[in-house]
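Data block below; observations after.
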Amino acid sequence: MLTLHFAPNSRASRSLWLLEELGLTYQLNRMDFSPKDLKSDEHRARHPLGRIPVLEDDDISIYESGAIAEYILERHKNGGLKPAPEDPCFPEYLQWFHYCEGMVMPPINTIVVHTLLLPPDRQDETVRGQAERLLAKSWLPVEAAMVGKDYLIGDFSAADTMLGHACIMSQRLGIITEEAFPLLSAYAARLLARPACAKAFSA
């Protein structure tokens, strides 16, 4: 049985979203995004840094949302959401799947730290501003790639659960707007209209 250790407003939403899109059976251990739950001895036994998501599959335990996605797709894919290696879309799929953590999430993390996590007297407007500009710049190639597409590689794929999650978060942070990123704004709305995505973000 798959068990997903989950906290809202986190990368764990990607894992829940993928499980839902694939129609897989799983148990959800919902925790609060707080040291009380995440830094507990019980959870540190699952993840040494006390973070989420963590996926357990019987005696297997794995963390990192991208690794979890790849594990689910290879061991429990139930129909795919990943093009075959010989598919012409496969290189593009890989690019956008990994673009999320490589380019988009680092500035998102900085923005969140300097708006939500640090007390006001420790927040740095200069650092936050630099991160906001970098995040906006990082979305420009994705906006260009969305011309004529509903999803990142045409059809919906697991890359959308990764980078699409970051797109929705960037919209909520005020970086992706209809004026600056009309295609990505429409893309985010399209994603949130999917029942699996809506469930993951409301869990």
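Overview of results
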read-out	value
Within the chain, helix-based [θ] at 222 nm, where runs of 4 or more DSSP H residues each add -39,500 (n - 2.57), nearest 500	-15000 deg cm²/dmol
Dimensionless Rg/Rh of the range 7-132 - Kirkwood Rh, Rg from C-alpha atoms	1.02
Theoretical gain in end-to-end length, E178 to T25 [0.36 nm per residue, Cα-Cα removed]	51.4 nm
Exposure proxy order (Cβ contacts within 10 Å, fewest to most) of V54, V113, V147	V147, V113, V54
Antiparallel bridges, percent of DSSP beta bridges restricted to the range 1-124 (to nearest 5)	60 percent
Charge context of E20, other residues only, Cβ under 12 angstrom, K/R +1, D/E -1	+2
Between the range 1-60 and the range 78-101, the Cα center-to-center distance that results, in Å	24 Å
Inter-label distance for R75 and V147, nm, one decimal - labels placed 7 Å from Cα along Cα-to-Cβ	4.2 nm
Amide H within-cut-off set for N29, under 5 Å, with H built and near neighbours excluded	L4, H5, F6
Net charge contributed by nearby residues that have their C-beta within less than 11 Å of I175 (K/R +1, D/E -1)	+2
Packing rank of 166-174, 135-143, 70-78, where each peptide gets the mean count of other beta carbons within 10 Å, highest leading	166-174, 135-143, 70-78
Cβ-based charge dipole, the chain, positive-most Cα from L28, T110, I52	T110
The range 105-111 - phi-based ³J(HN,Hα) in whole Hz, Karplus 6.51/-1.76/1.60, Gly and Pro as x	5, x, x, 4, 4, 5, 4
T126/N9 FRET efficiency (R0 30 Å; Cβ-Cβ; nearest 0.05)	0.75
Highest to lowest packing among 35-48, 12-25, scored as the average C-beta count within 10 Å	12-25, 35-48
nm² value of the averaged projected area, convex hull over the Cα atoms of the range 2-76	4.5 nm²
Unit charges on C-beta of K, R, D, E only; dipole of the range 90-194, Debye	80 debye
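Readers should treat all values here as calculations from the given coordinates under stated rules, not as data from a laboratory. These figures come from a predicted structure and were not determined experimentally. Note that we place each Cβ from the backbone using ideal geometry, even for glycine, and neighbour counts take in every protein chain shown.
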